[in-house]
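What follows is a set of notes on a single structure, which appears directly below.
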Amino acid sequence: MAGRIRRDDIDTLRERASIVEVVGDHTSLKRAGPRMKGLCPFHSERTPSFTVDPSSNLYYCFGCGAGGDIFRFLMEVEGLEFTEAVEQLARRTGYELKYEEMSAGEKAALGQRTKLVAVTTAALAFFRARLYSEDGTVARDYLKSRGFTKEDAEHFQVGYAPNEWEALARHLVEERRFPRRDVIEAGLAVDNDKGGLRDRFRGRLIFPVFDLSGDVIGFGGRVLPGLDYGDFEPPKYYNSPETPLYKKTKVLYGIHEARPDIVRAESVLICEGYTDVMALHQGGFGNAVATCGTAVGPDHLRIVGRYAKDVVLAFDADEAGFKAASRAWEAAREVEAETGRDGGGSDAGARFDLKVLVLPRGTDPADFVRTEGVEKLREAVAGATPVVPFLLRKQVEDADLTSEGGRTAALREALELLRLETDPELRRQYVRTEVADRIGVSVEFVEKTAARMGIELDTHAGADMGSFRARRVGARGAIASVTPQRATWERTVLRLAMQQPDLLPEEWSELTEDDFSHPKARAVYAALQAAGGPGVDPRAVLDAAEDDDVRAVVLAVSMEEGLEGDERRTARDLVRRLVAERLEAERTALEERLQVLHHEVDREEWLALNTALVEVLRRHRELTALDD
């Protein structure tokens, strides 16, 4: 099917869709002059280097070099083929695509993701309709018992899977005519032992899981009190299996609904259950999301880290919640280490401010909201405990502090945990408040024990990233045979030609490809001229570029910020300098040739070269004498 969408539809969609809205689903953007900037969704970084140009619908990351148009962004960020990216954008914007004449076989070759999303979307419609049917009364009653209204159910598009073996599969295959293999691949049914299909979800309240773009990619189902499940005792919660759409370590329930609130609040609450998220949203915490039956992992934090670094773990107050907090901290350290390896420097803004919502034992967030009220929850969230003190306190609570041996064991366990804290000031603080005071030993004893264990308490344990950062900068710089100053001049001239062509002096018309020393600069200049010259749409220059490397430079040059000072003077001086340097090179070549000629023997050539030399010297004097 790839390539069979009509070209004019692709071009129209590229023009009409907003890249700011699409990128905004994956990272928080803020206005920076005529463009938008944010943290790159393709690599970990501490300070924003990802730039979006709304006028051209292009993006570029000055950190990792990712860049392109709105379709390229969807392909890269969501792993789509080109056709799938076009179709997803069309669904998002409500644009009706038209296809060229296709055979039945070509129509069957639609992108896998597009086919599976169509199946899951139809399944969601089925579940939602059954919630309001007669047999959905048991599910509606359960929602009411948990304090949820019809509006809450509609907001999260909650549904009901009837207590039947084949209801959904029969609907999808026989009524909606979806291929049986697609229903299975979407994780909605399995083969039964009679050659038919058996529904994966039966007799459950259904929670659809959406990705950041709003496509339903999977489901979670909860058993309902009062239903007869026969001799089989089903698990309380049951989630979609791993599918091409649904990877449980990479999805968060409620992220599509919560993203705007996360951006506004600059914080996120991560829960363990679907109803926790619903209750928190109901109570005004629209920045709540949940993992889907798995611990908080690095991919979860990479997702929320694009929008906020303040993370509150709103887990159940039990042993499992403690272990989940420990794993979440481990995941946070992993993501932070990646940011460091990327060379982001020591900017503390990249560090997750990970906290734990401490609730009464045996209580989950939904219970707490229902029994204690929203204001009490707000107080609890505001007083959430940083993750390291939380873990240290739990260790001490579980330790035997009545004997010297017990205290020593508790101290060693606390120090092993404290070894992982990379902030030296926090380590020093926790030594006193969370270790020495709580275990009942002196700070000096803690320090001596730490020294014997080889644990540094007063120095930063992180790696030195300076050299790597320097290497990265060097890797993006000029080729060794061209001086950095010369490369900078040429890049600035090209930036001005693409972004502010009205500032170029008339001498621009004298420039040629050979006036650019850096091969990439020559290639960009050639693409610019082939596309129509200064002021042309950057997308036309991208189309004229000879390869991906040149296109990457075109994107970077078209989005770089200007220098401080008089840009018009800069444009004039640099363009004239490039022309003057070429004239100087021509003068040298002419003089060298004249030195080997005899004015009588090679008279005609000698006269022609002298005439050329006079013209070069005249033009050179004009350039150097010009002023404002």
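We did not get these values from a lab; they are worked out from the coordinates using the rules stated. Values in this document were obtained by computation on a predicted structure and should not be read as measured data. Don't worry about glycine lacking a Cβ; one is built from the backbone with ideal geometry, like all the others, and counts go over all protein chains shown.
Brief remarks follow.
- Over the chain, dividing the summed -39,500 (n - 2.57) contributions of all DSSP H runs of at least 4 residues by the number of residues returns a 222 nm mean residue ellipticity of -15000 deg cm²/dmol.
- Net charge dipole size for the chain [Lys, Arg +1 and Asp, Glu -1 on Cβ; Debye, nearest 20]: 1340
- Added length on full extension, which subtracts the Cα-Cα distance from 0.36 nm per residue, A530 to R4: 186.6 nm
- Neighbour-count order for H300, H256, fewest beta carbons within 10 angstrom listed first: H256, H300
- Its alpha carbons give the stretch 252-383 an Rg and a Dmax of 14.3, 47 Å.
- FRET efficiency, 1/(1 + (r/R0)^6) with R0 51 Å, evaluated for D537 and K236 via beta carbons: 0.35
- For the stretch 387-460, alpha-carbon Rg relative to the globular expectation (2.2 N^0.38 Å, N residues): 0.97
- Chymotrypsin sites (Phe, Trp or Tyr not before Pro) lying in DSSP loop within the stretch 230-329, provided at most 12 other Cβ fall within 10 Å: F232
- With all pairs of different C-alpha atoms in the average, the Kirkwood value for the hydrodynamic radius of the stretch 245-318 is 12.0 Å.
- The stretch 252-383 - percent relative contact order, Cα under 8 Å, separation 6 or more: 28
- Each of the peptides 65-74, 375-384, 410-419 was scored by the mean count of other Cβ atoms within 10 Å over its residues; in descending order, highest first, they stand as 65-74, 410-419, 375-384.
- Computed P(r) (all Cα pairs; the stretch 523-593; 5 Å bins; percent): 3, 15, 16, 16, 18, 15, 9, 5, 2
- Residues in the stretch 558-596 that a label on A612 would reach, taking backbone N under 16 Å of a point 7 Å out along Cα→Cβ: 582-596
- Point-charge dipole on Cβ atoms (K/R +1, D/E -1) for the stretch 482-625, about Cα centre, debye to 20: 320
- Per residue convex hull volume, Cα atoms of the chain, in Å³: 234
- E584-K323 pseudo-label distance in nm [points 7 Å out on the Cα-to-Cβ vector]: 7.2
- Here the stretch 540-586 and the stretch 178-193 have alpha carbon centers that stand 56 Å from each other.
- Using a Förster distance of 25 Å, the FRET efficiency for R569-S55 (Cβ separation, nearest 0.05): 0.50
- Residues S403 and S18, FRET efficiency given R0 of 56 Å [Cβ-Cβ distance, rounded to 0.05]: 0.25
- Residue-wise HN-Hα couplings along the stretch 186-200, as the Karplus relation 6.51 cos²θ - 1.76 cosθ + 1.60 with θ = phi - 60° gives them from phi, are 6, x, 9, 8, 10, 5, 8, 7, 10, x, x, 10, 10, 4, 6 Hz; Gly and Pro carry x.
- Between A129 and R577, the distance separating the two model label sites (each 7 Å from Cα on the Cα→Cβ line) works out to 7.0 nm.
- In the stretch 7-107, the convex hull through the Cα atoms has an average projected area of 7.0 nm², a quarter of its surface area.
- Placing a pseudo-label 7 Å from each Cα along the Cα-to-Cβ vector at A265 and R393 gives an inter-label distance of 2.0 nm.
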